[in-house]
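Asker: Sharing a structure here in structure tokens format.
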Amino acid sequence: MNEKPKILIIEDDVDLVAAMKRILESKGFNVKIAYDPDEGKEELKKDEPDLIILDVMFGNKGESKGVDFAQTIKLDNKFASIPILMLTAINRERPSFKFSPDTDGEFLPVDVFLDKPVHSEDLIRKVGELLRQKTSKWKNWPEADN
């Protein structure tokens with residue numbers, strides 16, 4: 001019997017979480033939820049996921065805790081190989097930022113960025129790609145050979 005791929009969503013938008021959970025579970029994924037990075041760290045320790053979906057900004061102050069979480073995970077050998085799909089509204093709200101794993105990986109070691117609002121087809125496609133990839137391209141971060 002094949003085990004369902006495990007996905008950990010770390011996002012503070014309750015409605016977005018509910019929608020993504022419904023979409024991903026309908027495609028056969030086992031989905032765990034955390035509403036902030038601290039809760040995400042606890043979930044990560046309980047049951048290591050195959051993929052993390054992570055928001056950039058958390059709380060009403062707009063703290064970039066997702067950036068800190070991604071960096072912390074990639075520095076931990078136990079979790080560094082888990083691919084991270086980062087969700088952000090920053091590219092839409094502040095187009096001059098243009099976050100991209102190709103240009104920002106040295107600072108932000110995530111495998112894929114998706115802009116909010118995320119379209120279900122894009123979410124499923126990127127999740128599938130990352131799960132087939134099986135490991136993060138940033139597993140050796142911050143080394144330059146990624």
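The values are calculated or read from the model by the stated rules, or taken from the named source; none is laboratory data. Note that the structure is predicted; figures quoted are calculated from it, not measured. FYI the Cβ positions are ideal-geometry reconstructions off the backbone, even for glycines, and counts take in every protein chain you see. Each accessible area value is taken on the protein alone, full model and side chains, heavy atoms only, with ligands, DNA and RNA left out. Shrake-Rupley method; radii C 1.70, N 1.55, O 1.52, S 1.80 Å.
Asker: Given (1) modelled with pLDDT under 90; (2) surrounded by fewer than 20 Cβ atoms within 10 Å (Cβ to Cβ); (3) among the aliphatic types (A, V, I, L, M), where does Leu108 come up short, assuming only one miss?
Answerer: Here Leu108 clears every test but (2).
Asker: If you don't mind, another one. Being open to solvent by less than 80 Å² (accessible area, probe 1.4 Å) and either touching a Cys at 6+ places or on another chain (Cβ under 8 Å) or more than 18 Å from Phe113 (Cα to Cα) (or both) is true for just one of Ala80, Ala70, Ala89, Ala34. Which residue is that?
Answerer: Every option except Ala34 fails the conditions.
Asker: Sticking with this one: Count, please, the residues in the stretch 11-22 that happen to be open to solvent by 50 Å² or more (accessible area, probe 1.4 Å) and either assigned to a loop (DSSP other than H, G, I, E, B) or touching a residue at least 40 places away in the same chain (Cβ under 8 Å) (or both).
Answerer: Here the count works out to 2.
Asker: I'm checking my understanding of the structure. Among residues of the stretch 45-55 that are in contact with a Leu (Cβ under 7 Å, 6 or more places away or on another chain) and assigned to a loop (DSSP other than H, G, I, E, B), which one is most open to solvent (accessible area, probe 1.4 Å)?
Answerer: Asp50
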